[in-house]
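None of the figures in this text is laboratory data; all of them are computed from the coordinates on show. On a predicted model such as this, the values are computed, not experimentally measured, just so you know. We place every Cβ from the backbone using ideal geometry, glycine too, and count neighbours over all the protein chains shown.
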């Protein structure tokens, strides 16, 4: 909050500096402007400019007498209301000091600390000196909460400190919360963090301040979801809510490409992709899906959530989350979710949320099995089951022989070893045999699929279409 003319001038100068930096970026070469780093830096500058402009606009509206009533439901906000009231009635810090018969520097100290050092008697004197009317209702103070308390509550629902700082909070708030220059700066940053989290997850701040465990109501976009049989969820996980929220923001920010139906047959889908793409690669599949009007959001946070396919109004979006560098795993998950979409492209609105890694636990529903079979058949050119059977026969049913056999079969049949080993691990998981570790050792990791997915996404995103918290959340989600 801007409290005096000096701070007003400093803030305007800072905003002007950021605006100049933004203007200079427009003169960079085309190759620089097309880079992901440029896009994210541009979004960060625009977010900073937006925040500073809000502070300037608020100060100017107070200064020009455009506010007649100031309200709050929190006792903690009273000091800021006193400062706003002083500005709104046209008094400088020096003018108020003269009315109270004290030095101007004392008012400056009071306001710099949000009246933290002022007694209740002094607050009463200031209210009288300002000539303002205060409501007669009793304003109860909120519970105090420390940074440690807040992060402990968030960790209890699955959000560790690093995730909160890197994905949910604005960069300046996160920095000041961890390394404050002054004690009061951390208190202000903590309050800003509470406000931000409450806004994102539809919490009221009382729930963040209370001792009760936090909970999130299901996102409005979801009507149903399919989860592993026998597992009941009263409410979706917080990270799933976050993933869906960012997915909806991506829809708002994406160039709206008319939706085109996907071929429902697995081999017809391969043939359709190869019409415009030279080969089947993860990048080419992503391009194909985007060109059909379906945004794909890649996330690389830790946690159990692994994918989603949902429809918001008339548009689909796919969300993928992996930390592996195996393109075959990312490709498998993309096709798995695309299968769910294809089943719903003629009107069915049911959303699919993969709370657990696809294939890591036995997927008992017929659709989950069909989705994984579809992905395997696509990547192995319609030969997934026959190749698996060939491997089993050559290994004589011995799991310990499979690794060598899979290598041999992939070379003989000229198929990607990562794809074959991944599908083999999935098929074994249906028999409750965990072969994922062996499969991971065979998969290639010479590129970063998350970077590929982000690069493709940035070709279709218009950050100017979103503002404020939405722009910041999407920008932070796309940071490495």
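The helix-only estimate of mean residue ellipticity at 222 nm for the chain, built from DSSP H runs of length n ≥ 4 each weighted as -39500 (n - 2.57), is -17500 deg cm²/dmol after division by the residue total. With each label modelled as a point 7 angstrom along the Cα→C-beta vector, the residue 104-residue 9 pair spans 1.2 nm. Ellipsoid semi-axes for the chain, based on the Cα gyration tensor and the rule √(5λ), read 54, 24, 19 Å when sorted largest first.
With the biggest extent put first, the Cα atoms of segment 5-130 measure 62, 28, 28 Å across the principal axes.
Applying 0.36 nm per residue to the separation of residue 78 and residue 58 and subtracting their alpha-carbon distance, the gain on full extension is 5.5 nm. Normalised by the number of residues in segment 380-447, the average gap of Cα pairs under 8 Å and 6 or more apart makes the relative contact order 27 percent. Were the residues from residue 325 through residue 462 laid out at 0.36 nm apart, the gain over their Cα-Cα distance would be 46.6 nm. Considering segment 371-412 at the alpha-carbon level, its Rg and Dmax are found to be 10.7, 28 Å. With neighbour counts taken as other beta-carbon atoms within 10 Å, the residues 407, 319, 419 rank, fewest first, as 407, 319, 419. Once both axes come from the Cα atoms, what is the angle between helix 449-460 and the longest principal axis of the chain, in degrees from 0 to 90, rounded to 10? Here the helix axis deviates by roughly 60 degrees. In this rough spin-label picture, where each label sits 7 Å from Cα along the Cβ direction, the residue 113-residue 133 distance is 3.3 nm. Taking R0 as 56 Å, what FRET efficiency do you get between residue 408 and residue 152 from their Cβ-Cβ distance, rounded to the nearest 0.05? My answer for the efficiency is 0.60. Dividing the C-alpha radius of gyration of segment 380-447 by 2.2 N^0.38 Å, with N its residue count, gives 1.00. Here the gap between residue 383 and residue 369, fully extended at 0.36 nm per residue and compared with their Cα-Cα distance, gives a gain of 3.4 nm. Treating the angle as unsigned and between 0 and 90°, give the value, to the nearest 10°, between the Cα long axis of helix 366-379 and the longest Cα principal axis of the chain. For helix 366-379, the angle is close to 70 degrees. At an R0 of 41 angstrom, the distance between the Cβ atoms of residue 432 and residue 207 translates into a FRET efficiency of 0.55. Dividing the mean sequence gap of close Cα pairs (under 8 Å, 6+ apart) by how many residues the chain holds gives a relative contact order of 15 percent.
Note on residue 261/residue 120: beta-carbon distance plugged into 1/(1 + (r/R0)^6) with R0 of 60 Å gives a FRET efficiency of 0.30.
By other beta-carbon atoms within 10 Å, ranking 373, 59, 423 with the fewest at the front produces 373, 59, 423. Convex hull volume of the C-alpha atoms in segment 147-209, normalised per residue: 76 Å³. Using alpha carbons only, how many degrees (0 to 90, rounded to 10) separate the axis of helix 468-477 from the longest principal axis of the chain? For helix 468-477, the angle is close to 40 degrees.
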